[in-house]
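**Student:** Shown below is the structure under consideration.
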Amino acid sequence: MAEAVTRGSPLPEANVAFWQRLDSKWVLIGVPIALVCWLSLVPLVFLLWQSFLTPQTASRPAVFTLENYGTAYLSAETFRLFFNSVQFAAGTAIFALCLGTALAWMNERTNTPFKRLFFALSLIPLVIPGILFVVSWIMLASPKIGILNVWLQWLFNTDEVFINIYTMPGMIFVEGLHYSPMAFLLMTAAFRSMDPSLEESALMSGASILQIAWKITLKLAWPAAAGALLILLVRALESFEVPALLGLPVGIQVYTSAIYQAIHQYPSQIGLAAAYAITLLILRS
């Protein structure tokens, strides 16, 4: 009798196999977390490790060094890269936000005709790949082969260059145009969720359209505009197509183009590129 009871009683928890005690919900949660950690932390650790090594060649192995961070943070080139990167990112974010906000306000808070067509046309730059968008503006505004310059030179019978896209303002203009649909979508959602009674009350009190937009609409949309500005700033910092195609030919470098050039040197400056990448990662954070 005692033997039967012993056989029928549950086994102690210590004797149960691990897979028998494992709950399926923890597997469903743990596997994605482990995968995300592998895909994000392993490249980050490799990036940090490479930033402390010298370039490896056929005759010289890589050794530990702090020279990469010395070059990335203490040289005169560092201040120029930082200034160019901040100037490019801030200018792009402000220009894209202003343009996208103006288009969103016209589409959502005014009686603009053909609103659906207007909404679709405002998203066209977002559909075009970035590399094609930059190349198209090179064909339009290049100082040598740009169609706009050729037409203006023919019209005024001169060799003067009217538009030069290979400048910092040109880079900001092209990148800002490409990111303006993102600001348009973010601000459209903010304008659409507003209560129109405040604007109607101001209009009945004699305020003009511009006064209503400045004192009521934009003030209510300020939190959304601040968030959109932050998103645009981060996206502009990590942009590569415009700095590579418009900045590198004339010597205007930002962090993304500096990383590209460091990798494509001989011997390849992987450590320096990693140090620049760490700096860019800090700026994005």
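The values are calculated or read from the model by the stated rules, or taken from the named source; none is laboratory data. Source: prediction; values computed, not measured. Counting neighbours? That spans all protein chains shown, and the Cβs are built from the backbone with ideal geometry, glycine included.
**Student:** Do we find that V242 is in contact with a Gly (Cβ under 8 Å, 6 or more places away or on another chain) and either at pLDDT below 90 or over 17 Å from C98 (Cα atoms) (or both) in this structure?
**Tutor:** Spelling it out, V242 is indeed in contact with a Gly (Cβ under 8 Å, 6 or more places away or on another chain) and either at pLDDT below 90 or over 17 Å from C98 (Cα atoms) (or both).
**Student:** Scan the range 182-200 and give yes if some residue there is under 20 Å from P125 (Cα atoms), at pLDDT 85 or above and hydroxyl-bearing (S, T, Y), otherwise no.
**Tutor:** Yes; the residues of the range 182-200 include at least one that is under 20 Å from P125 (Cα atoms), at pLDDT 85 or above and hydroxyl-bearing (S, T, Y).
**Student:** Identify all residues within the range 197-210 that are surrounded by 11 or more Cβ atoms within 10 Å (Cβ to Cβ) and in a loop (DSSP other than H, G, I, E, B); write none if there are none.
**Tutor:** Residue satisfying the conditions is A207 alone.
**Student:** Let me ask you something else. Mind checking whether some residue in the range 101-111 is in contact with a helix residue (DSSP H, G or I) (Cβ under 9 Å, 6 or more places away or on another chain), farther than 20 Å from E241 by Cα and loosely packed, with under 13 Cβ neighbours inside 10 Å?
**Tutor:** So far as the range 101-111 goes, yes, one or more of its residues are in contact with a helix residue (DSSP H, G or I) (Cβ under 9 Å, 6 or more places away or on another chain), farther than 20 Å from E241 by Cα and loosely packed, with under 13 Cβ neighbours inside 10 Å.
**Student:** Next question, about the same structure. Looking only at the range 219-258, count how many residues are surrounded by fewer than 19 Cβ atoms within 10 Å (Cβ to Cβ) and β-branched (V, I, T).
**Tutor:** Matching residues across the range 219-258 total 3.
**Student:** What's the total number of residues in the range 259-269 that are in contact (Cβ under 8 Å) with a residue 24 or more places away in the chain and surrounded by 20 or more Cβ atoms within 10 Å (Cβ to Cβ)?
**Tutor:** Qualifying residue count, the range 259-269: 1.
**Student:** Please specify each residue of the range 47-69 satisfying the condition of being loosely packed, with under 14 Cβ neighbours inside 10 Å, of a type in the set (A, V, I, L, M, F, W, C) and assigned to a loop (DSSP other than H, G, I, E, B).
**Tutor:** The answer is A58, V63, L66.
**Student:** Right, next: Right, A72: within 25 Å of T217 (Cα to Cα) and part of a helix (DSSP H, G or I) or not?
**Tutor:** No: the conditions fail for A72.
**Student:** Looking only at the range 80-100, count how many residues are surrounded by fewer than 19 Cβ atoms within 10 Å (Cβ to Cβ) and within 16 Å of the chain's Cα centre (by Cα).
**Tutor:** Qualifying residue count for the region: 5.
**Student:** Look at the range 139-170 and say how many of its residues are in contact (Cβ under 8 Å) with a residue 60 or more places away in the chain, crowded, with 19+ Cβ neighbours inside 10 Å and assigned to a helix (DSSP H, G or I).
**Tutor:** Qualifying residue count for the region: 1.
**Student:** So is R80 of a type in the set (K, R) and within 24 Å of I278 (Cβ to Cβ) or not?
**Tutor:** Judged against the criteria, R80 is a match.
**Student:** If you don't mind, another one. Among the residues that make up the range 211-233, is at least one of them touching a residue at least 24 places away in the same chain (Cβ under 8 Å), under 16 Å from L81 (Cβ atoms), of a type in the set (A, V, I, L, M) and part of a helix (DSSP H, G or I)?
**Tutor:** Within the range 211-233 (the criterion being touching a residue at least 24 places away in the same chain (Cβ under 8 Å), under 16 Å from L81 (Cβ atoms), of a type in the set (A, V, I, L, M) and part of a helix (DSSP H, G or I)), the answer is no, since none of the residues qualifies.
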